[in-house]
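Computed from the coordinates by the stated procedures, all read-outs in this text should not be read as laboratory data. Computed from a predicted model, the values in this text were never measured in an experiment. All Cβ positions, glycine included, derive from the backbone under ideal geometry; neighbour counts span all protein chains shown.
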Amino acid sequence: MAKEKTPPPAREDRLKAALKANMSRRKAQKRARDADASDRDDGTKGDEE
């Protein structure tokens, strides 16, 4: 007799969705930082004079 898996409560669904959105946002930020860093690989450091 296999137990039927009950769906997770609404709170867990909200947390799962929030975590997924947060991870997507963080990955996009990292890609943007990496792209910005590769643009400055010419030996200069951003805003320094």
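Numbers below:
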{"read-out": "Inter-probe distance in nm under a simple model that places probes 7 Å from Cα toward Cβ, at D39 and A17", "value": "3.4"}
{"read-out": "Separation in nanometres of the label points that stand 7 Å from Cα toward Cβ, at K27 and E4", "value": "3.4"}
